[in-house]
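This report refers to the structure that appears directly beneath it.
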There are 2 protein chains.
Amino acid sequence: MAGLLVMPELRIDPIIGRRVYIAEDRAGRPSDYGIHEATGRVAPVGESSPKAHPNCPFCAGNEIHTPVASATVADGAGRWQIRVVPNKYPAFRLDEVQDGAFGVHEVIIESPEHLLDVTQLGPTRLVEVVRMYRDRLRHWAAQPGLRHGLVFKNSGCDAGASLEHIHSQVTALPYVLPTVQLELDAAGRFYAAHQQCIFCDLIESELAVNQRIVSDHQGYVTLCPIAPRQPYEMWLLPRMHQSRFDLLTDAEVEELAGALQETLSRLQTAEPGCPYNLLLHTAPFDDAHAAAYHWHWEIVPRIAHEAGLEWGGGVHICPLSPEKAATRLLTAKKN
Amino acid sequence: MAGLLVMPELRIDPIIGRRVYIAEDRAGRPSDYGIHEATGRVAPVGESSPKAHPNCPFCAGNEIHTPVASATVADGAGRWQIRVVPNKYPAFRLDEVQDGAFGVHEVIIESPEHLLDVTQLGPTRLVEVVRMYRDRLRHWAAQPGLRHGLVFKNSGCDAGASLEHIHSQVTALPYVLPTVQLELDAAGRFYAAHQQCIFCDLIESELAVNQRIVSDHQGYVTLCPIAPRQPYEMWLLPRMHQSRFDLLTDAEVEELAGALQETLSRLQTAEPGCPYNLLLHTAPFDDAHAAAYHWHWEIVPRIAHEAGLEWGGGVHICPLSPEKAATRLLTAKKN
């Protein structure tokens with residue numbers, strides 16, 4: 001056994017300094033629990049199921065089970081294809097000034113049919129979904145009292161989804177989200193020292209090293225970050241500097257949808273049924289960070305359990321190196 | 001439905017400023033996945049199973065499947081009762097200077113028989129286990145190059161355990177763990193402003209308010225923190241100021257074991273089989289934080305799924321208020 005040991009390795013995230021130990025041997029440890037970290041399917045997503053489900057509140061025909069839509073996209077016959085509703089079980093509320101839980105919490109239902117993965121939409125419909133992400137943020141950016149927005153998708157039970165029908169969530173809050181604040185602080189320091197965006201610098205050096213690049217075309221780069229929290233973690237960034245997702249043009253939205261389709265398809269091919277979170281990191285609704293910050297998506301598979309080291313220590317253990325992950329994602333055939 | 005809505009509420013942790021939204025309505029939302037947040041048993045722990053399991057590497061008789069012990073506690077007949085071994089699948093290594101993954105990663109096997117919850121040990125044997133936590137930290141604190149230690153227990157699959165046989169882990173690293181560093185910074189600022197420990201201040205005000213206290217006797221206080229990440233989250237703190245767990249006396253260890261037994265038993269009674277992480281927060285291996293910092297255990301049940309808001313935004317949603325949690329834990333009959 002000792003001869004086969006792969007040494008653990010400390011990686012430090014170049015943006016926020018997060019510490020991750022790459023410990024590939026841990027993937028081989030015994031388990032009493034039947035599921036195995038870093039080997040795959042742990043949630044019932046991935047299969048197509050296009051017929052309406054009678055009990056699914058997100059399927060066409062069941063609109064009575066969700067609040068009145070705040071926005072929709074319809075097809076030529078007037079049937080909704082995308083439907084945005086206030087979250088029926090919100091964490092924040094626009095009328096909640098008293099207790100400080102003020103904020104927006106919306107659900108974007110991404111298809112009228114009971115699809116289980118957003119890549120099943122195909123390129124044209126995915127463009128509409130991504131445009132809706134932008135439009136909702138644009139809408140909330142113009143409202144008083146809101147400073148920052150987040151779009152996120154929980155796909156699969158282990159990623160925190162309670163319903164399988166494809167959907168995303170939009171939040172807008174009166175403060176900068178802590179996760180992005182950490183990046184803004186780091187990017188601000190880097191900019192002060194180098195007069196350059198730290199993410200532009202990262203993209204340049206990752207393209208030069210070329211060990212963790214998953215895709216690079218049509219204006220977007222997908223890479224496996226050097227200090228991933230999870231196997232197959234990916235970041236998708238616009239190649240040209242841009243700080244706010246809500247300022248994207250229609251042409252940029254279209255290219256981005258293509259890049260997202262490719263990236264998520266590669267993940268589903270490499271790890272079929274893999275639960276994941278899709279997380280938008282974008283600058284606050286002002287121009288203060290225009291030069292220093294660079295919006296991006298983080299795609300975080302939820303394969304490895306977060307345990308005592310993560311919760312108690314704030315350090316992460318990842319059982320798959322980003323170099324191996326990138327190689328596997330590159331060779332995964334696109335849908 | 002609308003008449004029954006409980007308004008979400010923003011809570012801010014008084015130590016590190018963590019933002020948590022208490023959103024109790026979310027516990028009632030529909031789910032496709034069969035399990036339900038905040039209602040209970042999601043991992044196969046909690047039943048007694050005292051006979052040895054042939055495939056369990058931690059059971060007596062199977063010592064060949066683990067490395068040579070670095071420490072043991074034996075009974076009168078010389079049979080081991082507690083066995084400390086280097087983690088066979090470590091995240092850190094003492095010989096790993098080159099790649100920076102330098103550190104200690106040990107497993108404390110807490111019983112020779114196949115027990116599934118540490119409360120099954122009973123008070124006397126639990127004292128020995130807690131003493132071993134202290135002794136391992138004490139040992140590593142005296143070694144060169146190590147600055148900080150963490151003791152943690154992953155109990156149940158959803159808390160990140162791979163084996164069910166009761167065990168904890170000890171790590172020691174050449175830097176201060178980020179989670180504790182955040183608290184040290186906050187405690188340092190508070191001390192500079194008030195010449196008092198922020199945790200002593202918290203204990204005093206929580207005892208005065210008396211809405212979130214779970215237990216208070218024999219030198220230890222257990223409370224539900226005002227901004228919990230998970231339902232039934234508890235902190236167990238020494239009532240008298242003390243910064244380093246590794247400096248505990250034998251008498252203090254004995255009282256602490258009693259408090260841990262009570263606290264964990266209450267959790268298992270309120271939420272049978274609940275997976276949890278037991279996390280020690282203690283000052284680094286020096287005296288720099290002796291006046292400002294206060295060691296404590298954090299007991300974090302792993303009931304609610306961490307999703308996009310937590311991973312992408314750094315804010316938490318908790319579907320049970322700490323006031324209700326404390327009431328339920330108080331009325332849960334002790335084992």
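Any read-out appearing in this document is the output of simple, stated calculations on the displayed coordinates, not a laboratory observation. Everything numeric here is computed off the predicted structure, so don't read it as measured data. Ideal geometry is used to build each Cβ from the backbone, glycine not excepted, and the neighbour counts take in all protein chains shown.
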The correct pairing of chain A residue and whole-Å distance, for the Cβ nearest the axis that maps A onto B, is A:306, 4
Over chain B, what is the relative contact order in percent, taking alpha-carbon pairs closer than 8 angstrom and at least six residues apart?
23
The long-range amide H neighbours of residue A:101, using H built 1.01 Å from N in the peptide plane and a cut-off of under 5 Å, are B:10
Expressed as a whole number, the average count of other chain Cβ atoms within 10 Å around the Cβ atoms of B:153-164 is 5
Here are some pairs, A:153/B:153; B:88/B:153; B:153/B:324; A:88/B:153; which of them have Cα atoms lying more than 27 Å apart in this structure?
A:153/B:153; A:88/B:153
How would you order B:54-63, A:212-221 from highest to lowest mean count of nearby Cβ atoms within 10 Å?
A:212-221, B:54-63
What percentages, rounded to whole numbers, describe P(r) for chain A computed over all alpha carbon pairs with 10 Å bin width beginning at zero?
5, 24, 34, 26, 9, 1, 0
Cβ neighbours within 10 Å from other chains - mean over A:105-111:
1
Taking each label point as 7 Å beyond Cα in the direction of the beta carbon, state the distances from residue A:78 to the same residue in the other copies, shortest first, in nm.
9.0
Just want the answer: with Cβ charges of +1 for Lys and Arg and -1 for Asp and Glu, which residue in B:167, B:280, B:315 is farthest toward the dipole's positive end in segment B:43-335?
B:167
Only helical DSSP H runs with n ≥ 4 go in: add -39500 (n - 2.57) per run for chain B, normalise by residue count and round the 222 nm mean residue ellipticity to 500 deg cm²/dmol.
-8000 deg cm²/dmol
In chain A the cysteines whose Cβ sits 4.7 Å or more from every other Cys Cβ are A:157, A:224, A:274, A:318
Sorted by mean Cβ packing within 10 Å, highest first, what order do the peptides A:22-29, A:79-86 take?
A:22-29, A:79-86
By per-residue mean of other Cβ atoms within 10 Å, what is the highest-first order of A:306-319, B:109-122?
A:306-319, B:109-122
Cβ-vector label at 7 Å, residue A:323, separations to other copies in nm
5.5
Which of A:269, B:124 comes first, and how do the rest follow, when ranked by fewest Cβ neighbours within 10 Å?
B:124, A:269
What does the average come to when, for each residue of peptide A:172-183, you count the partner chain Cβ atoms lying within 10 Å of its Cβ?
3
May I ask you to report, in nm to one decimal and beginning with the shortest, the distances from residue A:191 to the same position in the other copies, taking label points 7 Å along Cα-to-Cβ?
3.6
